[in-house]
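Everything below concerns the one structure shown next.
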Amino acid sequence: MDALEEESFALPFSSASDAEFDAVVGYLEDIIMDDEFQLLQRNFMDKYYQEFEDTEENKLTYTPIFNEYISLVEKYIEEQLLERIPGFNMAAFTATLQHHKDEMAGDIFDMLLTFTDFLAFKEMFLEYRAVSHSCLFSKPH
C-alpha cells in the first residue's frame, strides 16, 4: 500500500446528515452573534427581566413570557436559517440536537436550550437581571 492509499483511510467519514447539521450550527453561530439578534434578545430581556426573582418558586407570569420568547426568537432564527438553507426544517433540526449536543459549542447549545428548558431560560433572565442591577449601581451619580 502506498502513502496515498494509507492517507485516504485516515480521513474521517461523516454522513450527509452530519454535514448538514454542521452547516446549520455554523449558520446558527453567525445568527446569534449578529447585532440584529443581540438587539432582539436584549430588548426582550429589558422588557421582562424585572419580573424574574431568584427564588425556588416559579411565578405563573413566567409562562407567557417564556412562550413569547420561544415564539419571537425561534421564529427569527428559523427565518434566518430559511434564508440561508432553503427547505430548512426547524423541527427536524431540533430532533437531532440531542444526538450532537456534545459536539456543539457551549454558547450555542446554551442558547438553544433556552427554547426547551424553562430553567435555562429563567437562569438567562436572572443573570441578565444581576448584570443590569450591577450596572445601575456602579454608575457615578
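The numbers here are math on the coordinates, done by the rules we state, and not lab data. None of the values given here were measured: they were computed from a predicted structure.
What is the diffusion coefficient of region 16-138 in µm²/s, taking the Kirkwood radius over Cα pairs and the Stokes-Einstein relation at 4 °C with a viscosity of 1.567 mPa s? Can you show the working numbers first?
Working: Rh = 15.6 Å.
Using the Kirkwood radius from Cα pairs, D works out to 83 µm²/s.
Sorted from largest down, what three extents in whole angstroms do the Cα atoms of region 45-112 have along their principal axes?
Cα extents, longest axis first: 40, 26, 18 Å.
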